[in-house]
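Asks: I have a structure I would like to understand better, so I am pasting it below and will then ask my questions one at a time.
The values are calculated or read from the model by the stated rules, or taken from the named source; none is laboratory data. Quantities reported herein were computed from a predicted structural model and do not represent experimental measurements. Virtual Cβ from ideal backbone geometry, glycine too; neighbours counted across all protein chains shown.
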Amino acid sequence: MTTSETGLRSKHSRRFRARNKVLYRLAHWPIWIFVFFIAPGPLTFDLFERGFDQRSALWLGAVLLATGIAGLRGSLPGVEARPYILRFTEDKANPLYRRVCYTVAWSDLIGFAVLNLVGLAFAIATGHWRLRQIYEYAYLPLVIVVWICGALGRLPRVGSSTKGEGTERRYFYGVVWAVCAAEPTLGLLWRVLPRSRVGDVLKLAVFAGILTCMGYWAKRGLLPRTRPIVPGEWAISD
């Protein structure tokens, strides 16, 4: 074995962990609480428009219970007792819980981003805001399409194998960074800008601009967990 090979193995051995630390597991639990809590789009719309109510409290309690049980069983991504993916591009069975969790996450990301874009465009074109109605009638059909794609393994990170993880994670986190930056900014603009056509055009321009800019940075690997992956690289090193 050469010196370089020895150093490489030593590096991987030093950074590899056989078990996930408790704090690491706990840190991932709130992520999935949030993912499943906001999954009912119209309910989430009402939450931001009217505030926390009994329906939100009941749904949050159900989510806490379900994700808590799943977390204790190690059936949430990142909350496993041991790291599941050790090498990127490894051809390994993708567990059902990962496929379900990432499918729901995709439905959140796509559903909110697409419908907010549609709502803004509609307001600019007609001069009227119908975002509540758009969420009421279009959110469920849209996310059902996403769920079907997930069930068929047609979304990044939800296939039957983890072989594409090295590339697919880049797509997933790129969309996460883009939407998570654009949505709060849009919420802030909604509060501070007047409800006029000029204001709506500015909202749309900023919202779409953030999505585009973050997507470009993700493509270049400038955002966390979006860098290119070397085949066979240890996942634990990221």
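Asks: So, ARG132, is that one more than 22 Å from TYR216 (Cβ to Cβ) and in the same structural domain as CYS213 (by TED's automatic domain parsing) or not? Before you say what the answer is, go through the steps one by one.
Replies: Numbers: more than 22 Å from TYR216 (Cβ to Cβ): yes; in the same structural domain as CYS213 (by TED's automatic domain parsing): yes.
Yes, satisfied.
Asks: Sticking with this one: Select, from LEU109, LEU131, LEU155, the only residue that is buried (at least 21 other Cβ atoms within 10 Å of the Cβ) and not acidic (Asp, Glu).
Replies: Just a single option satisfies the conditions, and that option is LEU155.
Asks: Report, by residue number, each residue of the stretch 48-61 that is closer than 27 Å to GLU80 by Cα and buried (at least 17 other Cβ atoms within 10 Å of the Cβ).
Replies: Within the stretch 48-61, TRP59 is the sole residue that qualifies.
Asks: If a residue must be loosely packed, with under 13 Cβ neighbours inside 10 Å and either touching an Asp or Glu at 6+ places or on another chain (Cβ under 9 Å) or under 26 Å from TYR139 (Cβ atoms) (or both), how many such residues does the stretch 20-47 contain?
Replies: Matching residues across the stretch 20-47 total 1.
Asks: OK, next. If I ask for residues that are farther than 21 Å from THR167 by Cα and either surrounded by fewer than 19 Cβ atoms within 10 Å (Cβ to Cβ) or touching a Phe, Trp or Tyr at 6+ places or on another chain (Cβ under 8 Å) (or both), which ones from the stretch 77-89 would you list?
Replies: Taking the stretch 77-89 first, the residues farther than 21 Å from THR167 by Cα are 79-82.
Once the filter is applied, which keeps residues that are farther than 21 Å from THR167 by Cα and either surrounded by fewer than 19 Cβ atoms within 10 Å (Cβ to Cβ) or touching a Phe, Trp or Tyr at 6+ places or on another chain (Cβ under 8 Å) (or both), the stretch 77-89 yields VAL79, ALA81, ARG82.
Asks: If you don't mind, another one. Quick check on the stretch 91-100: of everything there that is in contact with a Lys or Arg (Cβ under 9 Å, 6 or more places away or on another chain) and buried (at least 16 other Cβ atoms within 10 Å of the Cβ), which residue is nearest to VAL230 (Cα to Cα)?
Replies: If we filter the stretch 91-100 for residues that are in contact with a Lys or Arg (Cβ under 9 Å, 6 or more places away or on another chain), which is where we start, we get 91-92, 94, 97-99.
Within this subset, residues satisfying the condition of being buried (at least 16 other Cβ atoms within 10 Å of the Cβ) are 94, 97-99.
Working: ASN94: 20, TYR97: 26, ARG98: 23, ARG99: 24 Å.
Per the criteria, the residue is ASN94.
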